[in-house]
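Enquirer: If you scroll down you'll find the structure; I have some questions about it.
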Amino acid sequence: MENTNQRPTVTRPWGDACVGTDTLVRPSRAKLGSRSSADAPEPPHPVTEVSEVTLPSPRPSPKLLLMQFSRAHLAIALGSAGLLVLVFLGYLYWLSNQPPVLSRSEERDPLTQMPIGITMNPFRDRTIERTANRFISEMRDGNCRKLLAQWEKDYRKKRADFLCNSEAQHPLISWNLVEWEDAPPLVILHYKGQRYSSPSQDATYKDLFSVTEEKKDSGWTVTKYDSFY
């Protein structure tokens, strides 16, 4: 007995490549759903509003501030010290090239016309002054005849006698330099001295005297001594 429920086979015009029943194959809903969801645009993401917050700047530690402060002051101190050293060295160099007298006061003694005061160069050659001070000290101590023995052998004999007699009558007490005069090859040192009025030493007075020196082979030598007794 034949099965009448079988469906007849349909021959397709395109051949055996597509042999099958006439049942239509539809894509599953899952596939359709997945495809449609992929093709559909994504919903927009929600935007979160953030308010601006200002944070306080961090404060440096007191130790760091102290280190920076100390370094800055150390650099300033070193720079100032270096500048002072350079100025001082420049001043010393300038002094070494200056004459014995740096300045003289504009005011002068009305009688002697000597300056009231002078400023001496601390870097001057003091050999001339030492020679004059030794000579004056010997005169004060009563050694005039010994000092001027050479003068008594030439044209200065009468001058030597006058000087020694006057020194004995008016002994010298003290003196100080008031002027330096360069007269090459001579140097004349002017002094203001204090003397006794008489050998009894009962009164004093002040006068001017000078020592003239000349540089010879043996060094600076006193060649003249003048005083207003």
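Throughout, read-outs are computed from the coordinates displayed, never taken from laboratory work. Computed from a predicted structure; not experimentally measured. Note that each Cβ is placed from the backbone with ideal geometry, even for glycine, and that neighbours are counted across all protein chains shown.
Enquirer: List F228, F135, F209, F123 from most exposed to least, where exposure is judged by having the fewest other Cβ atoms within 10 Å.
Expert: F228, F123, F135, F209
Enquirer: Another question, if that's okay. Using the Kirkwood radius over C-alpha pairs as Rh, can you work out the diffusion coefficient of the stretch 134-175 via Stokes-Einstein at 20 °C, viscosity 1.002 mPa s, in µm² per second?
Expert: 207
Enquirer: From a point 7 Å beyond the Cα of N176 in the direction of its Cβ, which residues of the stretch 91-109 have a backbone N at a distance under 18 Å?
Expert: Counting backbone N atoms under 18 Å from the label point, the list is 101-109.
Enquirer: Could you pull out the GluC sites (Glu not before Pro) across the stretch 78-163 that fall in loop regions by DSSP (anything but H, G, I, E, B) with no more than 15 other Cβ atoms inside 10 Å?
Expert: The qualifying sites are E106, E107.
Enquirer: About the Cα centre of the stretch 126-227, what is the dipole size in debye to 20, counting +1 per Lys and Arg Cβ and -1 per Asp and Glu Cβ, all else neutral?
Expert: Here the size comes out at about 220 debye.
Enquirer: Cα convex hull of the stretch 124-200: how many Å³ per residue?
Expert: Given the Cα convex hull of the stretch 124-200, per-residue volume reads 107 Å³.
Enquirer: Which one, L163, H190, T221, projects farthest toward the positive side of the charge dipole computed for the stretch 142-229 from Cβ point charges (K/R +1, D/E -1)?
Expert: In the stretch 142-229, that residue is L163.
Enquirer: Here's a follow-up. Could you point to the residue in N143, P110, N121 farthest towards the positive end of the stretch 102-159's charge dipole, with +1 and -1 charges on the Cβ of Lys/Arg and Asp/Glu respectively?
Expert: Sorting the options by dipole projection puts first N143.
Enquirer: What distance in nm separates the simple spin-label points at L186 and D109, each placed 7 Å from Cα in the Cβ direction?
Expert: Distance between the two pseudo-spin positions: 1.9 nm.
Enquirer: Counting other Cβ atoms within 10 Å, keep those with at most 14, restrict to DSSP loop, and tell me which trypsin sites (Lys or Arg not before Pro) in the stretch 122-229 are left.
Expert: Passing both the DSSP loop test and the Cβ count: R126.
Enquirer: Distance in nm between label sites at L78 and Y155, each 7 Å beyond Cα in the beta-carbon direction?
Expert: With each label placed 7 Å out from Cα toward Cβ, I get 7.0 nm.
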